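Accompanying notes for the structure given below.
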Amino acid sequence: MSEENKPTPTLDTDILTPAEEAYESSDIFQWSNNLVQYKDELQIDLFFFNKNGVTYRTSRSKKLDGQMEPLFIDEILEYVLKGAEEGLQVRGFEDAEAEENVLQRTRVSKVEKAADVLRWIKTQEHEMELFSDETHDIKRMKGAIARVSHEGMETFYVVKQLPASQMMSGRVGWMIRNGKFVPFDADAAIRIPSENHLLVLGDDLFVFSQAKLKSLFGYDAKESFIADQKVKEIEANFRLSFAEGLTLQNAVKGRRSTIKKLQKIEPTLMTQEQLLNHAEEVGVDLMEDESGAIIIMDEKDLVKFVNLLNDDYIESPVTGLRYEIKSKKPLREPESKDDSLLIQL
């Protein structure tokens, strides 16, 4: 199945976005204690995914079965069990910055790209292609997900980034065998890292490495938290009307440029009336409903609204031409009377 023809995952029953009132955080300490008794009996299935989130099943030799548990389970289990003895705390990204002896957690549903990949594994595994280096190229694979199951506990997922430096494809390398170099005689080779990256328990994503979370799924927890806060402030200060199924929260999700802009916005500096008047002055078309709420029908409406809120449109008093400002720096008054020019900060 090619990436272009990849169907949209079935969303009728979205098992990755439970209702807020039904959500219960996972107890990773209880999970680790329970896992100890089963760790030598686990069923581990491995999946690869590329930068576009296209996910593949994998097949492996029985000879590798003995390596799966040490690679995907031991380090996490040791970290959590040792942490329990030393006072390890689990906190949401919203509660604190990363610090020593703190394990951070977020909801899977907040990390859209991770949720998409997991949704495929949970609901449409039968539609996945079996990974073949000849067809898919190992060097294009961004991450691996180990699905770990046992009848005595809930299935969980361990996610690791696949480092490009640890991949080799084609018969161009050398190996050492019996003390001498010989031609590399495999289709491809890969070394899966042993260090902890991400763990999915229930509806929770436990993050052992923020850098890996961002690299794998493009999710910056701090940026997203600030964007969430700004969305709440905007909703408190402006009356907006959205197309069916659209909210300000999900409209900005995944839009990195919009999220960055939201971080800088102070929603209380402009009223709704001022924003609408400014839109009319610079010729930006914003629609209102019968109650006077600003209508956001699609991505274009969202961009216009955020740009207006960020004061990104200006009309030159000299030429009368109108501009959208892509980047701007505020100016301050001269520091002394001798300064004849405004100084850029």
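The values are calculated or read from the model by the stated rules, or taken from the named source; none is laboratory data. Since the model is a prediction, treat every value here as computed from it, not as a measurement. Glycine also receives a Cβ, built like all others from the backbone with ideal geometry; neighbour counts cover every protein chain displayed.
Which residues, counting only those in region 292-309, are more than 13 Å from Phe238 (Cβ to Cβ) and either touching a Lys or Arg at 6+ places or on another chain (Cβ under 9 Å) or outside the structural domain of Ala251 (by TED's automatic domain parsing) (or both)?
Selection gives Glu299, Val303, Asn307.
Ala251 versus (1) touching a Leu at 6+ places or on another chain (Cβ under 6 Å); (2) surrounded by fewer than 18 Cβ atoms within 10 Å (Cβ to Cβ): which is the lone unmet condition?
(2)
Take the residues in region 75-96 that are of a type outside the set (A, V, I, L, M, F, W, C) and in contact (Cβ under 8 Å) with a residue 60 or more places away in the chain, then tell me which one is nearest to Ile28 (Cα to Cα).
Tyr79
Counting only residues that are farther than 30 Å from Glu154 by Cα and either assigned to a strand (DSSP E or B) or among the acidic types (Asp, Glu) (or both), how many does region 185-238 have?
Residues meeting the conditions: 8.
Does at least one position in region 251-262 carry a residue that is of a type outside the set (Asp, Glu), on the phi < 0 side of the Ramachandran plot, in contact with a Phe, Trp or Tyr (Cβ under 7 Å, 6 or more places away or on another chain) and in a helix (DSSP H, G or I)? First the steps, then the outcome.
Applying the first criterion (of a type outside the set (Asp, Glu)) to region 251-262 yields 251-262.
Within this subset, residues satisfying the condition of being on the phi < 0 side of the Ramachandran plot are 251-253, 255-262.
With the extra rule that they be in contact with a Phe, Trp or Tyr (Cβ under 7 Å, 6 or more places away or on another chain), the set shrinks to none.
Within region 251-262, none of the residues are of a type outside the set (Asp, Glu), on the phi < 0 side of the Ramachandran plot, in contact with a Phe, Trp or Tyr (Cβ under 7 Å, 6 or more places away or on another chain) and in a helix (DSSP H, G or I).
Within region 53-63, take every residue that is modelled with pLDDT of 90 or more and not charged (D, E, K, R) and give me the one that is surrounded by the fewest Cβ atoms within 10 Å (Cβ to Cβ).
Among them, the one singled out is Ser59.
Take region 141-156 and flag every residue that is out of contact with any helix residue (DSSP H, G or I) (no Cβ under 8 Å at 6 or more places or on another chain), surrounded by fewer than 16 Cβ atoms within 10 Å (Cβ to Cβ) and either under 15 Å from Met168 (Cα atoms) or not small (Gly, Ala, Ser) (or both).
Glu151, Glu154, Thr155
Regarding region 189-196, can at least one residue be identified that is of a type in the set (D, E, K, R) and modelled with pLDDT under 95?
Yes, the conditions are met somewhere in region 189-196.
Taking region 185-221 as the region of interest, how many residues are of a type in the set (S, T, N, Q) and surrounded by 20 or more Cβ atoms within 10 Å (Cβ to Cβ)?
Of the residues in that region, 1 qualify.
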